[in-house]
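A short worksheet on the structure shown next.
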Amino acid sequence: MTSATPSFEEVQARRRAMMERGLASRRKADRRFRWLGFFAVAFSALMLLLLLVNMSSAGIAGFQRSEVRFDVPLAGAMQIDAERLTQPDPMGGLELAGLEKVVDSAARTALGPEADDILANGAWREVADKLIENPGLLTGTIKVSLPASDALARAMRGDGDPAQQALATKLKAEGKLVRQFDKGFLTRSDATSPQSVGIWGALKGSMLTMFVTLILAFPVGVLSALYLEEYAPKNRWTDWIEISINNLAAVPSIIFGLLGLAVFLALFPHYRSAPLIGGMTLALMTMPVIVISGRNAIKAVPPSIRDAALAIGASKVQVVFNHVLPLALPGILTGTIIGMARALGETAPLLMIGMRAFVASPPSGFTAPSSVLPVQIFLWSDEIDRGFVERTSAAIVVLLVFLLLMNGLAIYLRNRFEQRW
């Protein structure tokens with residue numbers, strides 16, 4: 001018995017059904033992929049938001065410090081006149097005149113006899129700065145808000161000795177112990193007390209180091225990319241160079257630190273922990289990234305641009321520098337900023353060349369001892385005092401802001417030099 005042959009209409013109906021099932025399956029896969037992509041982006045944004053919120057909330061405390069408020073009567077308290085404060089070394093004159101003792105005595109008088117260990121070391125220097133700025137204050141009484149000692153600051157946070165906690169509670173109730181925004185955190189350098197530390201020394205060191213890195217890595221990297229793409233013959237020698245550059249971009253950063261230790265510090269032994277040595281070391285690490293991004297940007301320039309320039313009589317150098325390089329510059333700048341941002345956050349190579357020294361003053365130049373932001377964060381995070389933990393979070397916020405400014409500069413430069421054809 002033979003089965004009936006399906007009609008043309010039945011065959012078409014079956015084909016339509018198969019096509020509809022296939023289309024439905026593809027649409028379902030498309031929706032599934034779209035939702036997976038959305039959740040991936042949402043998860044990334046959520047993690048970034050959590051990072052920013054965590055750093056910001058922790059950094060707020062780092063930008064504050066515990067301060068003690070009281071009055072300091074200066075009229076007749078010291079044998080020094082206003083004219084002496086206009087001469088060289090006014091701080092030394094105030095120290096010899098006994099300003100530190102006057103401030104300590106005023107603190108004990110205003111806050112009670114138990115206030116022996118209530119001010120941070122060197123707190124009197126903030127009073128001295130005010131007097132140097134305005135010598136007329138020597139004849140009156142000034143209201144001051146000076147950094148509390150580390151012990152009193154810990155007590156204010158609920159840690160430390162019970163007697164100090166009782167004193168902190170009493171002074172807080174009287175409005176004499178407060179948490180204030182520490183403007184000096186952005187202008188001071190490193191110190192042994194979390195109440196007195198600042199970020200300016202490390203920030204200035206990072207700026208000087210990044211400047212040295214940029215002026216060394218950018219021109220060499222761009223010229224290398226131009227030569228390899230526009231001039232170099234295609235042979236085994238250039239193939240070996242390309243492989244070497246790609247491998248250098250993936251080398252761990254500490255290897256560059258060892259190279260800087262073995263070469264640069266051997267050549268300049270007196271510049272240990274200087275921004276000059278740090279910048280040269282980071283330039284070695286950044287240069288391969290600039291070469292790779294530069295070559296990719298040069299490759300993206302249409303060959304018709306070169307052909308048109310050559311057709312109207314331009315030389316090879318004119319073609320490269322008047323046509324190819326301006327069109328490739330946005331991509332080159334973007335790759336450069338990415339490489340610089342990576343160098344900004346590096347710690348290992350800088351530790352190898354000694355940029356972990358305690359530096360209590362900002363660097364005066366490219367050859368002066370200095371620290372940098374990542375190393376400063378590393379050193380503070382290793383401290384036991386909780387105050388340094390808060391300062392570490394604040395330093396991370398400063399580093400993130402510095403990084404955002406660099407990325408913003410990259411976006412501006414890319415849009416500024418971008419050309420469409």
The helix 162-173 Cα axis meets the longest alpha-carbon principal axis of the chain at an angle in degrees, between 0 and 90 and rounded to 10, of 90
Choose one of SER224, LEU258, GLN165: the residue whose Cα lies farthest towards the positive end of the charge dipole of the chain (beta-carbon charges +1 Lys, Arg; -1 Asp, Glu; about the Cα centre). SER224
Only helical DSSP H runs with n ≥ 4 go in: add -39500 (n - 2.57) per run for the chain, normalise by residue count and round the 222 nm mean residue ellipticity to 500 deg cm²/dmol. -20000 deg cm²/dmol
Scan around ILE142 for amide H atoms under 5 Å from its own, H built in the peptide plane at 1.01 Å from N, and keep only partners 5 or more places away or cross-chain. VAL72, LEU74
Could you work out how much longer the chain between ALA75 and GLU174 gets when fully extended? Use 0.36 nm per residue separation minus the Cα distance between them, nm to one decimal. 33.0 nm
Whole-Hz Karplus ³J(HN,Hα) for the stretch 336-346, in order, using 6.51 cos²θ - 1.76 cosθ + 1.60 and θ = phi - 60°, x for Gly and Pro? 5, 5, 4, x, 5, 5, 4, 5, 4, x, 7
Probe 1.4 Å, all protein chains in place: accessible area of ASP382 in Å², nearest 10? 120
Protein chains only, probe 1.4 Å: how do PHE211, PHE8 rank by accessible area, largest first? PHE8, PHE211
If I compute solvent accessible area with a 1.4 Å probe over the protein chains, what percent of it on the chain is carbon and sulfur? 63
For ARG386, solvent-accessible area (1.4 Å; no DNA, RNA or ligand), Å²: 120
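For the stretch 305-406, what is the accessible area per residue in Å² when the probe is 1.4 Å?
Each residue of the stretch 305-406 exposes 43 Å² on average to a 1.4 Å probe.
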Under 20 Å Cα to Cα from LYS299, which aspartates and glutamates show up? Leave out anything in the same chain fewer than 8 places away. GLU229, GLU230, ASP239, GLU242, ASP307, GLU418
Cα-based reach from LYS170 at 20 Å (exclusive), listing aspartates and glutamates while leaving out same-chain residues under 8 positions away: GLU67, ASP71, ASP104, GLU114, ASP116, ASP117, ASP150, ASP159, ASP161
Filtered hits (lysines, Cα-Cα < 22 Å from LYS172, offset >= 8 within chain) -> LYS143, LYS183
Let me know the whole percent of all Cα-Cα pairs from the chain that are separated by more than 36 Å. 51
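Once R0 is set to 51 Å, what does the formula 1/(1 + (r/R0)^6) return for the Cβ-Cβ distance between THR238 and LEU23, expressed as a FRET efficiency to the nearest 0.05?
0.50
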For GLN64 and LEU409, what does the FRET efficiency come to when R0 = 22 Å and r is the distance between their Cβ atoms, rounded to the nearest 0.05? 0.15
Residue separation times 0.36 nm, minus the C-alpha to C-alpha distance between THR192 and VAL401: what's the value? 72.7 nm
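Compute the whole-percent fraction of alpha carbon pairs in the stretch 1-63 spaced more than 20 Å apart. Before the final figure, lay out the partial values.
Details: 1245 of 1953 pairs.
Here the tail beyond 20 Å accounts for 64 percent of pairs.
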Using r as the Cβ-Cβ distance of ARG108 and THR139, and R0 as 22 Å, what FRET efficiency do you calculate, to the nearest 0.05? 0.45
Let me spell out the model: positive unit charges on the Cβ of Lys and Arg, negative unit charges on the Cβ of Asp and Glu, origin at the Cα centre of the stretch 58-157. What dipole size does that give, in debye rounded to 20? 320
Longest segment of the chain with no GluC sites (Glu not before Pro) in a DSSP loop having at most 13 other Cβ atoms within 10 Å? 175-417
Checked against the positive end of the charge dipole of the chain (+1 on Cβ of Lys and Arg, -1 on Cβ of Asp and Glu, about the Cα centre), the farthest of GLY205, PHE63, ALA297 is ALA297
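The values are calculated or read from the model by the stated rules, or taken from the named source; none is laboratory data. What you see is a predicted model, and the numbers here were worked out from it, not measured in a lab. Cβ atoms come from the backbone with ideal geometry, glycine included; neighbour counts cover every protein chain shown. Each accessible area value is taken on the protein alone, full model and side chains, heavy atoms only, with ligands, DNA and RNA left out. Shrake-Rupley method; radii C 1.70, N 1.55, O 1.52, S 1.80 Å.
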